[in-house]
Structure formats: C-alpha cells, structure tokens
Amino acid sequence: MKRKILFLGCGNMGEAILASLKASALSKKLDFFILEKDKRKEKKLTKKYKAKKFKSANYDIIILAVKPQNKFEAVELLKNIKFRVLITILAGVKISFFEKHLGKIPVMRVMPNLGVKAGKGVAGIYANSRLKNKNLKNLRNLCEKIFTSCGIVVPVKKEQGLDRITAISGSGPAYVCYFLEALIEAAQKLNFKKKTALEISLATFEGAIEVLKKLNMEPKNLRIAVTSPKGTTHEAISVFERRNLKKIILTACSKAFKRAVELGRSK
Ligand SMILES: NC(=O)c1ccc[n+]([C@@H]2O[C@H](COP(=O)([O-])OP(=O)(O)OC[C@H]3O[C@@H](n4cnc5c(N)ncnc54)[C@H](OP(=O)(O)O)[C@@H]3O)[C@@H](O)[C@H]2O)c1
C-alpha cells in the first residue's frame with residue numbers, strides 16, 4: 001500500500017521538496033496530497049505534480065511548510081486532520097509548540113536549506129521521543145528518506161542542534177552568494193563584462209567543489225597544493241590571512257547561531 005503524504009502549504013520550500021520527491025525512486029511508493037490556502041494554487045499544483053485531491057483521509061505523514069507566522073492557523077487545521085507523523089520545516093518553531101497544541105504526537109523538525117531547490121540541499125533533522133517509538137521505525141525511516149531525496153541529511157541529537165545547522169548550511173547559501181558577489185565585483189574591476197564576471201565566478205566555485213570531490217581532498221590541502229610560494233594565489237591568500245578573513249567567518253557563524261537560538265526563544 002502506498003504511503004499518503006500531505007503537503008500543508010506548498011510554496012517555495014514545500015514545492016521544492018515535493019519536486020525532488022517526485023523525481024526520486026521513492027515517489028512510486030507514495031501518494032501525494034496538497035492543501036493550500038489559495039484553492040486555485042492548490043488545484044494548479046495538484047495537477048502539476050499529479051497529486052491526489054485533498055480529502056479528510058488518514059495521512060501517514062504531513063509536511064508542514066507554511067511560514068512561521070501562519071503556525072496558529074496551521075495547528076487549527078491539523079486538529080481536524082488524521083495523521084501519524086508531523087514533519088515541520090518552520091524555522092525557529094520548536095517541537096514543544098506542536099505538542100502544546102496537538103498533544104504528544106510524533107514530530108520530526110527539519111531545517112532544510114536553499115539547495116533543496118536543486119536536489120542538493122542540506123537538511124538537519126531532529127525527532128521527538130514519540131517518533132523514536134519502535135512501531136514507527138518504518139515511518140521514521142521514510143521521513144529521513146524524503147529529505148535524502150533532496151540532498152544530504154544530518155541528524156542532530158538535541159533540538160538545539162538545528163540552530164547549529166541553521167548557522168552553517170541554513171544561512172550558508174547566502175554566505176556563498178556574498179563571497180561570489182565580491183568575486184564578481186573584483187572581476188568587473190579587472191574589466192570583465194558583468195555577464196562574463198558572473199560566469200567565471202560561478203564556474204570557479206563549481207569547478208573547485210567538483211575537483212575537491214573527485215580527488216577526495218580536504219579544502220585546506222587542495223588550497224596549499226595549488227598555492228605556489230610567491231605566486232599570484234599566495235599574494236591573494238596572504239591578504240585574507242593578514243586581514244583575518246577566517247576569524248570574520250567564524251565570528252559571523254557564531255553570531256548566526258546565537259540569533260537562531262534567540263529567534264527560537266521568541267517564537
Ligand atoms: N525558503 C527557505 O530557504 C527555507 C529554509 C528553511 C526553512 N524554511 C521554512 O519553510 C517554510 C516555508 O517557507 P517558504 O519560503 O516556502 O514560504 P512560502 O513560499 O510562503 O510557502 C508557504 C505556503 O503556505 C501557504 N499557506 C499559508 N498559510 C496556509 C494555510 N493556513 N493553509 C494552507 N496553506 C497555507 C502559503 O499560501 P499564501 O502564499 O497564499 O499565503 C504558501 O503557498 C517556512 O516556515 C520557513 O521558515 C524555508
């Protein structure tokens with residue numbers, strides 16, 4: 001029998017997860033349902049992903065992907081839907097919020113990142129004790145597999161581990177974009193047209209990552225291997241080192257972590 005998966009809210013992130021799932025082999029074992037606020041949008045997405053029409057059925061898993069500010073209306077909806085496991089991707093909203101409103105239900109809290117849109121995401125996952133129940137082992141595995149279909153999965157032992165993952169992979173795509181912005185500006189200063197500056201900067205990132213993977217090398221070792229003494233790369237890296245760029249990055253990630261903890265407290 002196919003497992004029934006309901007997407008409650010299917011915007012940016014929800015649709016990205018659904019698209020990755022549909023493209024994976026796992027899809028054959030699942031029936032998808034979509035519940036959206038805007039019924040025209042719900043109909044369009046249902047058609048696009050060959051999902052089934054939403055009905056008051058028993059769902060195996062609900063993937064809650066509304067914005068955090070819509071959490072109260074979401075729990076009201078959840079009170080009237082039968083389901084076995086809740087997956088929430090709401091940033092900063094703790095599992096205790098759902099337990100408070102819905103009782104001691106099995107919940108997996110997931111912190112995905114932007115990469116999910118390209119099937120190359122990072123998802124930090126944490127399950128409450130209810131979901132660790134032996135009877136739910138298969139469903140718990142399925143919850144993990146849903147996110148494996150969108151990239152890599154990092155289970156954390158404590159819920160606060162999700163704040164740590166937020167500071168690295170959650171906010172990370174924006175850090176990468178920031179470094180890319182600077183590289184593009186530098187290329188333009190060296191008289192490359194904007195289009196070329198963008199192309200060479202993106203290809204440089206992609207190339208470096210592919211080589212690291214292919215050679216199975218640590219970034220530091222590859223960097224040292226390609227940096228000839230007194231050469232051009234050495235000149236640039238020396239500026240990074242003198243200005244302590246690494247320390248800036250470490251401080252930035254630590255601040256991001258503290259902010260994630262703070263936001264979690266306020267929600
Ligand atoms: N985007 C990211 O990179 C990222 C990363 C990690 C976690 N997250 C989390 O992912 C969640 C979704 O973010 P998003 O960027 O995908 O937001 P989004 O594009 O606004 O998607 C949310 C969807 O839920 C719908 N919705 C709102 N209230 C609803 C309700 N009561 N019933 C049914 N549908 C409802 C919205 O419809 P309307 O537009 O009509 O309101 C929208 O289509 C957020 O909680 C966020 O914290 C996002």
| said: Could you check the range 90-104 and list, in sequence order, the residues that are free of Cβ contacts under 8 Å to residues at least 40 places away in the same chain and surrounded by 18 or more Cβ atoms within 10 Å (Cβ to Cβ)? | reply: Leu90, Phe98
| message | Looking at the range 73-87, can you tell me whether even one residue there is modelled with pLDDT of 95 or more and small (Gly, Ala, Ser)? | response | yes
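Restricting attention to the range 1-28, report how many residues are outside any helix (DSSP H, G or I), away from the ligand (no atom under 14 Å from the Cβ) and either under 14 Å from Thr88 (Cα atoms) or hydroxyl-bearing (Ser, Thr, Tyr) (or both).
Final tally of qualifying residues: 2.
Looking for whichever is surrounded by 15 or more Cβ atoms within 10 Å (Cβ to Cβ) and among the acidic types (Asp, Glu) here; the options are Asp60, Asp38. Which one fits?
None of the other options fit; the residue is Asp60.
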| note | Residues of the range 123-138 being within 30 Å of Ala23 (Cβ to Cβ), in a helix (DSSP H, G or I) and of a type outside the set (A, V, I, L, M), in sequence order, are Lys132, Lys137, Asn138
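Out of the residues in the range 151-178 meeting the condition of being touching a strand residue (DSSP E or B) at 6+ places or on another chain (Cβ under 6 Å), part of a helix (DSSP H, G or I) and among the aliphatic types (A, V, I, L, M), tell me which one is farthest from Gly115 (Cα to Cα).
Ranking the candidates gives Leu162 first.
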| query | Among the residues of the range 221-238, is any closer than 27 Å to Gly115 by Cα and surrounded by fewer than 12 Cβ atoms within 10 Å (Cβ to Cβ)? | reply | yes
| So which residues in the range 149-168 are assigned by TED's automatic domain parsing to the domain that holds Ile87 and among the hydroxyl-bearing types (Ser, Thr, Tyr)? | Ser149
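Matching residues to (1) touching a strand residue (DSSP E or B) at 6+ places or on another chain (Cβ under 8 Å); (2) farther than 19 Å from Leu26 by Cα; (3) surrounded by fewer than 15 Cβ atoms within 10 Å (Cβ to Cβ); (4) not assigned by TED's automatic domain parsing to the domain that holds Lys29:
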position: Ala118; (1), (2), (3), (4): no, no, yes, no
position: Gly124; (1), (2), (3), (4): yes, yes, no, no
position: Leu139; (1), (2), (3), (4): yes, no, no, no
position: Phe147; (1), (2), (3), (4): yes, no, no, no
position: Leu180; (1), (2), (3), (4): no, yes, no, yes
position: Asn191; (1), (2), (3), (4): no, yes, yes, yes
position: Lys194; (1), (2), (3), (4): no, yes, yes, yes
position: Glu199; (1), (2), (3), (4): no, yes, yes, yes
| Just wondering, is there one or more residues in the range 248-267 that are more than 21 Å from Gly172 (Cβ to Cβ) and exposed (fewer than 11 other Cβ atoms within 10 Å of the Cβ)? | yes
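The values are calculated or read from the model by the stated rules, or taken from the named source; none is laboratory data. Keep in mind it's a predicted model, so treat the numbers as computed, not measured. Counting neighbours? That spans all protein chains shown, and the Cβs are built from the backbone with ideal geometry, glycine included.
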